[in-house]
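Working notes, structure below.
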């Protein structure tokens, strides 16, 4: 997968996603955004703390699922394509990214 200027699909600034990938990621983010708005409303209406904490936990799980999907897509496309094209520095970038995700 290449951009019009022949840079690899992930040039550290942009990535062209398939329509299905784009739609799936946006749908997940829209659901998460709705959950956040729900939590805000819970705080505004003085909902009991543990009820809010449970919803925050659900948002954290949703964000983790988003990260897993995005990371899997990144490895299958950008990382694989860069390795096939001899750009092994992408492996180092992936390692740094994984280290940050595991903090």
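For this structure, a couple of remarks:
- Inter-residue pairs, beta-carbon under 7 Å, first farther than 22 Å from residue 39 by Cβ and in the range 57-80, second exposed (fewer than 12 other Cβ atoms within 10 Å of the Cβ) and at pLDDT 95 or above, 6+ apart: none
- Single unsatisfied condition, residue 101 versus (1) modelled with pLDDT under 95; (2) surrounded by fewer than 15 Cβ atoms within 10 Å (Cβ to Cβ); (3) over 15 Å from the mean Cα position of the chain (by Cα): (3)
- Residue list for the range 81-103, restricted to those being touching a residue at least 12 places away in the same chain (Cβ under 8 Å) and part of a loop (DSSP other than H, G, I, E, B): 85, 87
- Residue match in the range 76-85 (condition: at pLDDT 95 or above, closer than 24 Å to residue 17 by Cα and under 20 Å from the mean Cα position of the chain (by Cα)): no
- Qualifying residue in the range 43-51 (condition: surrounded by 14 or more Cβ atoms within 10 Å (Cβ to Cβ) and within 18 Å of the chain's Cα centre (by Cα)): no
The values are calculated or read from the model by the stated rules, or taken from the named source; none is laboratory data. As the structure is a computational prediction, the values presented were derived from the model and not from experiment. Cβ coordinates were reconstructed from backbone atoms using ideal geometry, including for glycine residues, and neighbour counts include every protein chain displayed.
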